[in-house]
Amino acid sequence: MKHKRQFNGKQFVIKTATVGLLLNMLVAPTHSAIAEKAPAATEAPAATGTKQAATPAVKIPTVQSLELDLGSAVVLEPTTGEVLLAVNADKPLPPASMTKMMTEYLVADAVKNGQLTWEQKVVVRENASKQIGSRIFLAQGDEHTVEELYIAMAVGSANDATVALAELVSGSEQEFVALMNKTAEKMGMKTAHFINSTGLNRDDMPSKFRPAEKGETLMSAMDAALLAKYIVTDHPDFTRFTKIQSYQFRERDDKPMVNLNWMLESNKSIANFKAYAYPGLDGLKTGHTSDAGNCFTGTAVRDGMRLISVVMGANSEAHRFTETKKVLDFGFNNFEIKQVVAPKAVIAGNETLPVLKGKKEEVSVVTDDGVTFVVPKGTVSPQITTKLVANDPATMVAPIAQASKVGKVTYSYKGEGMSQTQQKTVNLITAEEAEKAGWFKLLLRAIGDFFGDLFTGIKNLF
């Protein structure tokens, strides 16, 4: 049916919507209606309580004030990846036995995924038996468990035990080296290149088992810190091995192997090491060759924050530990972990999202997780930038269960003395159930929308 109407002397023809048309609108809401109600991806205001003027924090001293005497150094917080100190951090250098951290990671992975067991027996082969340097004097044909060899590698830096484990995982040391390099690439290590599982120079490897291609093992301090980050996050039980102070490998051995890490907190009561024992330090790996000098990747926990340190090119065993104390003190004295956004936070200005076919036309939304950043010590209200990206509005159709994922929120922060912007993305979820409206309510809503659009269109003509 058509109706004629006069407006300011002009005649308009209006078609009355049929019930069928209205019912169709219930099933498929128009794109214009969706667009009017749907927020675009926005730089949203920060979650309640997170966008305030930051109070003054401690003044971060310069790295130069530490007077480090090293080839390179790094301090990194592993949960955020924030680098707190970097000196020649990306320069590839010989890592010596810090190379074994990759072997430790891959063997622990093989146990974790069921390829190996700690109790599994390992038969020592020729390559392992011919290793020089730090070793436990394995003979070809000897049998030891994976765990025994792993402890010898982690505590005594035994090259023969390391090669025996590498050959067990991959069949040969060079096949294992290929896995090491592939894993380094996956981890994002930019300079790391391995030629063996131990960190020995090429000329110190048994000639029969040297790789054909030229070159030596290289790794930057940053790459060593990144590798340590994967160890402490993927294998948090690493301290089961790295905290061992001494270990009797065989009953017949004259004396036990002693952990080369003098900085273990547990050494505070041992006369030879107590001057170096560091509170909270529980790993990770030393290294030394004539080319590399003395190196150490350390990790310690204080006040709930774990830090990873790397020093390379120290001039003595003791020096690598005194320099490590300097860089760890720098990290712990000047930075802290802080929760800057609590779980279930409301994003100011984006408290709700529109819902199609719901009893209510909007649903309350919150974040699903809290956000933690490294901040300068003493910072009360760090300035956080918040970006919200909601799901396609067309998918927001009732019923929607409570805690349904409906978008993402990315928080960003860069504080004084920080090397990079920290970011964390959490899910945006519904804080309540969005129930579906009954057919009659949808019909009335569709009629209202129809005539609202109709009269808006007429109004815009004048």
Label-point separation (nm) for F137 and K186, each offset 7 Å from Cα along Cα-to-Cβ?
-> 3.9
Tabulate in residue order the Karplus-calculated ³J(HN,Hα) for the range 402-409, using 6.51 cos²θ - 1.76 cosθ + 1.60 with θ = phi - 60°, rounded to whole Hz; enter x for Gly and Pro.
-> 4, 6, 6, 6, 10, x, 9, 10
Full-stretch length increase - K214, T239 - with 0.36 nm per residue and alpha-carbon distance subtracted = 5.5 nm
Counting sequence-distant residues (5 or more places) and residues on other chains, those with an amide H built under 5 Å from that of F335 are K377
Around A158, which amide H atoms from residues at least 5 apart in sequence, or from another chain, sit under 5 Å from its own amide H, with H modelled in the peptide plane?
-> M153
Rank these residues by their accessible area, most exposed first, probe 1.4 Å: T117, T324.
-> T117, T324
Note, the range 200-215: 3J(HN,Hα) by Karplus (6.51, -1.76, 1.60, θ = phi - 60°), whole Hz, Gly/Pro = x, goes 5, 5, 3, 5, 8, 7, x, 3, 5, 10, 6, x, 6, 6, 7, x
For Y230, the accessible surface traced by a 1.4 Å probe with all protein chains present amounts, in square angstrom to the nearest 10, to 60
Going 7 Å from the Cα of K255 in the Cα-to-Cβ direction, what parts of the range 272-289 have a backbone nitrogen less than 13 Å from that spot?
-> 272
In this model, which of K326/K414; K186/K338; K338/K360; K243/K405 are farther than 31 Å apart at the alpha-carbon?
-> K338/K360; K243/K405
If you bin the C-alpha pair distances of the range 164-290 every 10 Å from 0, what whole percents do you get?
-> 11, 31, 37, 19, 2
Here the gain from full extension of Q248 to R202, 0.36 nm per residue of separation minus their alpha-carbon distance, amounts to 13.6 nm
Backbone HN-Hα couplings from phi across the range 126-138 [Karplus 6.51/-1.76/1.60, Hz, Gly and Pro as x] = 4, 4, 5, 5, 9, 5, 10, x, 4, 6, 10, 6, 6
Name the long-range amide H neighbours of D368: under 5 Å, sequence gap of 5 or more, or other chain; modelled H, no Pro or chain starts.
-> K344, N427, I429
Along principal axes, largest first, the alpha-carbon spread of the range 314-402 in whole Å comes out as 72, 25, 18
Estimated FRET transfer efficiency (E351, V301; beta-carbon r; R0 41 Å; 0.05) | 0.60
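The values are calculated or read from the model by the stated rules, or taken from the named source; none is laboratory data. Remember, predicted model here, so these are calculated numbers, not experimental data. Positions of Cβ are backbone-derived with ideal geometry, glycine not excepted, and every protein chain shown enters the neighbour counts. Each accessible area value is taken on the protein alone, full model and side chains, heavy atoms only, with ligands, DNA and RNA left out. Shrake-Rupley method; radii C 1.70, N 1.55, O 1.52, S 1.80 Å.
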